[in-house]
Amino acid sequence: MAKNTSIHGEWSTRFAYILAATGSAVGLGNIWKFPYITGENGGGAFVIVYLACVLAIGIPIMMAETLLGRRGRQSPINTMAALAIESEVDKRWSYLGWMGVIAGVLILSYYSVIAGWAIAYVFKAIFGGFSSETAVVKQSFDDLIASPGQLIFWHSVFMIATMTVVMRGVRGGLEKAVQLLMPTLFVLLIILVAYAMSTGEAYFQGLNFLFSPDFSEIDGHAVLTAMGHAFFTLGLGMGAIMVYGSYLPSGISIMKTSLYIAGADTLVALFAGIAIFPLVFANGLEPGSGPGLIFQTLPLAFGNMTAGWLFGILFFVLLVFAALTSSISLIEPFVAWLVENRGFSRINASVVSGGLTWLLGVSVALSFNVWSDVTIFEKNIFDCLDYLTANLMLPLGGFFISVFAGWFMKEQFVKEELAIPDVIYQVWLILVRYVAPISVSLVFLNVLGIF
Ligand code: PHE
């Protein structure tokens, strides 16, 4: 490709890229979503399916998506169009970029509402809202989600924060912020794991729930959820890692960086699980209690710890930052496209894309209270958006990314970008050509009841 850098700029170092991409991967998916969907799907067996999906589908697709971005050097829509031309295939491959942009907006609309819960919890921690009594903590969560005003307010705060960062360009503030925040979050999670160990019997019950598989709990839907989550947690299938890859200087190994990013992401999720399930059992809560799970367990832990209020504040602040480093990657493909094709300044692009997302998010906030009866396919708006994006759009996006990189892009270009020894290349090729697309198709067919 003629252009060797993106018009939007480049990461300053390899480390900066790893941090930014890890920031995109590590977020609410690891700490909020992974524990509650594991709880809803019976535990250990679900975790194994999820880990298998990360390894066999997630990592190879992450490499594919990054290499497409780096070769195209533009927003996912224009990248796909440019790569299609370069490899002399149908230009309609750019629709893949469009699907990504739409998925990003849909995900961010509910992501921001949940991140808003986390901001609200920072204030609960500051004002002594955490308690050692299960009933009090539960009530406090129920009060929050019953209030449209509060949910919309905190959602707005999070969207404004996202737009402010995106406006300034990713290199400006984010590279530095992530450098400090991600390691701190990791340390705090370890403190929580240590706390969970002090629950004695419940600690082992928690570990047992998380790691001993009972495959009778697993049906096609559980596998779809696990696979969808592998895409969601790694930030794959919608162009986030593609656009980050487009800012990646040439010569940096896509394979190594992908392995680091996926490894860090998986570790954070597992630590979150090890910290949370013992608390669930120690306090007589239900593992399958849904999206409120961490908001009902962690305040209890903090309510019981010495100086728990302080850890509580720190934890929820870091969770908000982890969400912020993901949210900017959800909106960046859209922003980059508005700048490239519509001649918008970054500021206007951020305001337009953020405003649209905010509006959609308001309907998500209402779906927890006044609009809880509004259902589509028996799901409320929040559940519906989550299902549509994480379980359908991301795997579908991943399917087409692997098919494009494996079958349509000229091999010479793929090899130039990956620059890995031939044996490893052959293994990767089998994974993107066969394993990933066939696995995604089988899971879809099974859920549709076709086999
Ligand atoms: N990976 C993020 C998380 O786990 C969410 C995300 C999804 C980010 C898709 C980018 C793209 O919270």
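The values are calculated or read from the model by the stated rules, or taken from the named source; none is laboratory data. Being a predicted model, the structure only gives us computed values, none of them experimental. Methodologically, a virtual Cβ is constructed for each residue, glycine included, from the backbone with ideal geometry; neighbour enumeration extends over all protein chains shown. These accessible areas exclude ligands, DNA and RNA; they are computed on the full protein's heavy atoms, side chains included. Shrake-Rupley method; radii C 1.70, N 1.55, O 1.52, S 1.80 Å.
Regarding THR22, is this residue modelled with pLDDT under 95, of a type in the set (Ser, Thr, Tyr), part of a helix (DSSP H, G or I) and open to solvent by 10 Å² or more (accessible area, probe 1.4 Å)?
For THR22, the condition - modelled with pLDDT under 95, of a type in the set (Ser, Thr, Tyr), part of a helix (DSSP H, G or I) and open to solvent by 10 Å² or more (accessible area, probe 1.4 Å) - is met.
Looking at the range 356-373, is at least one residue in contact with a helix residue (DSSP H, G or I) (Cβ under 9 Å, 6 or more places away or on another chain), among the charged types (D, E, K, R) and away from the ligand (no atom under 16 Å from the Cβ)?
Among the residues of the range 356-373, not one is in contact with a helix residue (DSSP H, G or I) (Cβ under 9 Å, 6 or more places away or on another chain), among the charged types (D, E, K, R) and away from the ligand (no atom under 16 Å from the Cβ), which makes the answer no.
Run PRO395 past the list (1) of a type outside the set (Ser, Thr, Tyr); (2) on the phi > 0 side of the Ramachandran plot; (3) open to solvent by less than 20 Å² (accessible area, probe 1.4 Å) and report the number of the one that doesn't hold.
Here PRO395 meets the rest and fails (2).
Which helices (runs of 4 or more DSSP H) sit wholly inside the range 206-291 and have at least 2 residues that are open to solvent by 30 Å² or more (accessible area, probe 1.4 Å), within 16 Å of the ligand (Cβ to nearest atom) and at pLDDT 95 or above?
254-282
Which members of the range 191-205 meet the condition of being among the hydroxyl-bearing types (Ser, Thr, Tyr) and either within 15 Å of ALA52 (Cα to Cα) or part of a loop (DSSP other than H, G, I, E, B) (or both)?
SER198, THR199 - these are the residues of the range 191-205 that are among the hydroxyl-bearing types (Ser, Thr, Tyr) and either within 15 Å of ALA52 (Cα to Cα) or part of a loop (DSSP other than H, G, I, E, B) (or both).
If you take the residues of the range 25-42 that are within 15 Å of the ligand (Cβ to nearest atom) and outside any helix (DSSP H, G or I), which of them is farthest from GLY245 (Cα to Cα)?
Here the answer is GLY27.
Restrict the check to the range 340-349 and report whether at least one residue is on the phi > 0 side of the Ramachandran plot and either open to solvent by 30 Å² or more (accessible area, probe 1.4 Å) or within 15 Å of the ligand (Cβ to nearest atom) (or both).
Yes.
Is there a residue being within 21 Å of GLY104 (Cα to Cα), in a helix (DSSP H, G or I) and not β-branched (Val, Ile, Thr) anywhere in the range 409-422?
Looking through the range 409-422, none of the residues is within 21 Å of GLY104 (Cα to Cα), in a helix (DSSP H, G or I) and not β-branched (Val, Ile, Thr).
When you look at GLU65, is it of a type in the set (D, E, K, R) and within 16 Å of the ligand (Cβ to nearest atom), yes or no?
So GLU65 passes the test.
If you take just the helices (runs of 4 or more DSSP H) that sit entirely in the range 298-401, which of them hold at least 2 residues that are closer than 22 Å to VAL243 by Cα?
Ranges flagged: 308-342, 346-367.
Can you go through THR325, THR297 and tell me which one is among the β-branched types (Val, Ile, Thr), under 30 Å from ASN208 (Cβ atoms) and surrounded by 18 or more Cβ atoms within 10 Å (Cβ to Cβ)?
Criteria check complete, one pass: THR297.
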